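Each remark here refers to the structure printed beneath this line.
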Amino acid sequence: MLIPQLVLSIASPLSSIFNSPPHDLSASAPSYAHQPSSSRSTFSPLLPPAIPLAVKSVYLNAVLPTGGDDGSKGYLAGSWPHHWPVSYPGSDKAYHLGWSGMISVDGKAYVFLGDPEVDSKGYRPPVASQKAFHYTASTSVFAFEAGGIDFNVTFFSPVTPKDFLRQSLPLSYLSVDVDSRGLRKHNVSVYSDFSGEWASGDSNAEIEWAFGVEESIGVYEVSRKDQLLFSEYGEQAEWGSAVYATDMGPGVSTSSGQHYDIRGRFYRTGKLNGSQDVRYRAINDRQPVFGFAKTLHKTSPSIVFAIGHMRDPYVNYVTPEGQVSRRGFWSSHFPTWRHAVSFFLSDHSSAVKNAIKFDSELKSDAERVSGSNYSAIVELSTRQAFATIEITGEGDDDVLVFLKEISSNGDMSTVDVVFPMYPILTYTNPTLLKLLLEPLLIYSVSGLYNLFGDRVLNLGLFDQQLYEWQNDWYWNKRERFGVPLDSRHLWTKTDWEVCQGFRMLPTVNDFIFLQCFAAASATDVRTRDMFMDSLVAFLEAGKVDAAFPE
């Protein structure tokens, strides 16, 4: 098996980053027909309810559901990715996102991503054997074997809190890295495509598309024919363009067309023929897909894709003086979005190096605060947290940050969703918190404080006895997966649980790192760990399939 690496091109074993042993969930291997009965994967640091794939912005938020009766159980091949609100109503296509990947070894193709059909009769190829899965704050890495070849599939969404340009880019990486030793004996090529489902939540929407090359980067652009500015359908943006891109170097071919035609061509030949479908139509009409293939060699054993959703403008900002359209911060640094995509792909090596440092420091800090369980929670939720914010502005002197309302409507920066972002922004870059609060304060003066603010700012607004009483109450109300914190219900929310679990910590440095809106109330380490352990037990129970469940 190929040694799992953090991301493509960095020979850094995951064992150097993940010190906790992987979870062997062989008993939970999926029962769907395409997964080999002999395939058993490990999962480290745990198997989450949904695995982050392309999670970089509000409308680029693809996950792999694992929990529930229909979940993938953590196996990438054989299930389709979903847009993040997998458990909420409102999408006629159930938030399905067409994103497939295959590898051809000596003329035989295996699926490693999605559940593609390769002919009109619905035939699905065999899947590659998944051996391991690891995640960090920035990456989700799957280790596979197929036809005697070991390879990694890495989903990488950079988190750069102090670099507004890179953080604002609504783009994510997918890389496939084949063990070059196998390429000495085998002929190998890799294929991946995406569908129009990334451009709209409405599968009946008419779409149009184009393919072009910018600075050696081949880019597919897919968008609604009729753009609906500042509108959503099924939590997806109905304006802007979905994009898929890669470097058009030696051995790379492209095609677009009906899904089983394009996928079937690679399945049969291990390459594409360059044909481009120009018959614009609805997403669900002979579903068009847009694909790339690359023949690999021992001197070129990998391919990196960029996937994204580019919008302009970003936000309709209501000010006391009227409504103002805000653009993405990245748009002021590039002449066109195509140049932004080209920059993103060329920046991959640098992004990898930055991610290794960021992920390692975050993991270390989390373990120092509360051990491996807390670290697993923080690493899992980091991409999701930063994908909710939009950094806008026409330049360095005109930056405002907005936070997406979740699973309700198109509102942004409501106070109840600002609170859960407070700790992670304070830990990574407090300037982001300032820029997030500024639009609210411009509109209206507000007093924003709670128990977390009381502790982090050392205000002394609440008597210590209040914390003691609350700490005792938690133990009286504890259930298997946590403490019901709303007396009207037996359920609770993960951000509530974490915030309660960390209200005990005595100094700012100990709890600055929390992922909740009011982290400061238990009064001993035992109570804090009770909340963390209960939450990890819930995550591992496989009861839900949400990205990071409430």
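The values are calculated or read from the model by the stated rules, or taken from the named source; none is laboratory data. On a predicted model such as this, the values are computed, not experimentally measured, just so you know. Ideal geometry is used to build each Cβ from the backbone, glycine not excepted, and the neighbour counts take in all protein chains shown. Accessible surface areas use protein heavy atoms only, side chains included; no ligands, DNA or RNA. Shrake-Rupley method; radii C 1.70, N 1.55, O 1.52, S 1.80 Å.
Things worth noting here:
- Among the residues here, residue 289 does not qualify as without any contact (Cβ under 8 Å) to a residue 24 or more places away in the chain and in a strand (DSSP E or B).
- When residue 448 is tested against (1) open to solvent by 60 Å² or more (accessible area, probe 1.4 Å); (2) at pLDDT 90 or above, exactly one condition is not met: (2).
- Of the strands (runs of 3 or more DSSP E) entirely within segment 96-213, those holding at least 3 residues that are in contact with a strand residue (DSSP E or B) (Cβ under 8 Å, 6 or more places away or on another chain) and of a type in the set (Val, Ile, Thr) occupy 149-156.
Per-residue answers, yes or no, for (1) at pLDDT below 95; (2) in contact with a Leu (Cβ under 8 Å, 6 or more places away or on another chain); (3) open to solvent by 10 Å² or more (accessible area, probe 1.4 Å); (4) within 22 Å of residue 288 (Cα to Cα):
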site	(1), (2), (3), (4)
143	no, yes, no, no
147	no, no, yes, no
175	no, yes, no, no
193	no, no, no, yes
201	yes, no, no, yes
206	no, no, yes, yes
224	no, no, yes, yes
228	no, no, yes, yes
245	no, yes, no, yes
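- Of 95, 59, all but one fail to be open to solvent by 10 Å² or more (accessible area, probe 1.4 Å) and either out of contact with any Phe, Trp or Tyr (no Cβ under 7 Å at 6 or more places or on another chain) or modelled with pLDDT of 90 or more (or both); the exception is 59.
- As for segment 188-201, it holds at least one residue that is over 24 Å from residue 102 (Cβ atoms) and either acidic (Asp, Glu) or touching a residue at least 40 places away in the same chain (Cβ under 8 Å) (or both).
- Residue in segment 296-308 that is hydrophobic (A, V, I, L, M, F, W, C) and without any contact (Cβ under 8 Å) to a residue 24 or more places away in the chain present: no
- Any hit, segment 101-114, residues being in contact with a His (Cβ under 8 Å, 6 or more places away or on another chain), in contact (Cβ under 8 Å) with a residue 40 or more places away in the chain, of a type in the set (D, E, K, R) and more than 30 Å from residue 390 (Cβ to Cβ): yes
- Whenever a residue of segment 47-71 is closer than 16 Å to residue 377 by Cβ and without any contact (Cβ under 8 Å) to a residue 40 or more places away in the chain, it has no partner that is open to solvent by 10 Å² or more (accessible area, probe 1.4 Å) and among the acidic types (Asp, Glu) lying with C-beta atoms less than 8 angstrom away and at least six residues away or across chains.
- Residue ID - modelled with the lowest pLDDT, chosen from residues in segment 506-548 that are among the acidic types (Asp, Glu) and either under 22 Å from the mean Cα position of the chain (by Cα) or not in a loop (DSSP other than H, G, I, E, B) (or both): 510
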